[in-house]
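We did not get these values from a lab; they are worked out from the coordinates using the rules stated. Predicted model only: the values in this text are computed from it and were never measured. Positions of Cβ are backbone-derived with ideal geometry, glycine not excepted, and every protein chain shown enters the neighbour counts.
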Amino acid sequence: MVDVMERIASIVSTARCPPSNGGSGRRFRSPTNTFTTANSHRRPQKVPSEAIAELLDEPVDETVSFRHRPTEPLDERGQGDAHAMFAFAAERAVVEVDEELGLVRVLQIAAAKDVGQALNPQAVVGQIEGGTAQGLGLALLEELRLDGGRIANASFTDYLIPTILDMPGVESRLIEEPEPGAPFGAKGVGELSTLVSTPAVVAALRAATGRELHRAPVRPEDLVGIGEPGTPRPRPWPMPPTALGPTPTRGYVERHGRIDPA
């Protein structure tokens with residue numbers, strides 16, 4: 001497991017960056033590789049223990065163990081409950097940022113994935129690129145906006161998703177360590193790309209702007225410093241509707257009583 005993680009980190013950190021096109025803005029690589037395991041995709045920043053100790057009357061010491069459900073080897077027909085495994089992935093993003101307008105262009109994604117056994121390498125690379133596109137959408141574009149409890153961008157005219165024009169080049173490397181308990185040694189790969197591409201892009205934007213950027217998607221106003229990123233905008237709760245809905249059936253009224261609007 002440790003050997004696979006080290007190989008992934010080495011591949012992503014040494015991937016060749018694309019040449020700059022001479023445009024305006026700042027161009028940065030994401031400063032750290034982002035890993036994902038079965039339950040987490042980013043290691044939180046460590047806080048000095050001395051700072052925490054000052055806030056506590058007595059030390060807090062806790063140990064937690066997690067064990068997956070019992071599994072069994074596949075039978076002679078290839079059937080059984082054997083799907084329990086860890087998969088690892090890392091991505092590095094290279095971005096250009098216009099800090100005056102808050103515009104972003106992702107130039108390249110370098111990806112290394114622990115895929116078990118690649119049964120169809122071309123399809124595996126396609127899964128990596130597709131998952132990366134979804135994660136890029138979460139990092140920069142896709143956001144449901146509410147106005148008084150109603151979706152304000154309920155069409156693809158206003159709810160933006162990445163197109164082929166938004167996709168950068170994706171340099172993929174496959175780490176093949178066949179999983180002994182899975183059919184043909186294969187692992188899932190599309191979900192991993194969805195998890196790690198968003199934090200990779202946001203990490204690169206943090207390096208480019210020096211801003212915290214606590215939320216995704218990152219808005220242009222977050223990049224230029226208008227408002228506090230990650231702070232919800234205050235909005236009063238909408239008033240409940242006063243119109244009656246469908247007439248309750250007699251059985252419902254007998255069990256719950258009639259509820260009339262205030």
For Asp158, what is the net charge nearby, where nearby means another residue's Cβ is under 15 Å from its Cβ and Lys, Arg count +1, Asp, Glu -1? 0
By DSSP, what percent of the beta bridges with both residues in the stretch 93-212 are antiparallel, rounded to the nearest 5? 55 percent
With label points set 7 Å from each Cα along the Cα-to-Cβ direction at Glu212 and Arg105, the distance between them in nm comes to 3.1 nm
At most 12 other Cβ within 10 Å, DSSP loop - chymotrypsin sites (Phe, Trp or Tyr not before Pro), the stretch 144-191: Phe156
Residues with beta-carbon under 11 Å from that of Gly116, excluding Gly116: net charge, scoring Lys, Arg +1 and Asp, Glu -1? -2
Which net charge results when you count Lys and Arg as +1 and Asp and Glu as -1 among the other residues whose beta-carbon is under 14 Å from that of Val189? -4
Residues meeting the amide H criterion for Arg173 (H placed from the backbone, H to H distance under 5 Å, 5 or more places apart or on another chain) are Ala111, Ala112, Lys113
Contour minus Cα-Cα distance for Ser155 and Met85 (0.36 nm per residue): 21.3 nm
A student asked for the Cα radius of gyration and Dmax of the stretch 102-152 in angstrom ought to give 16.1, 49
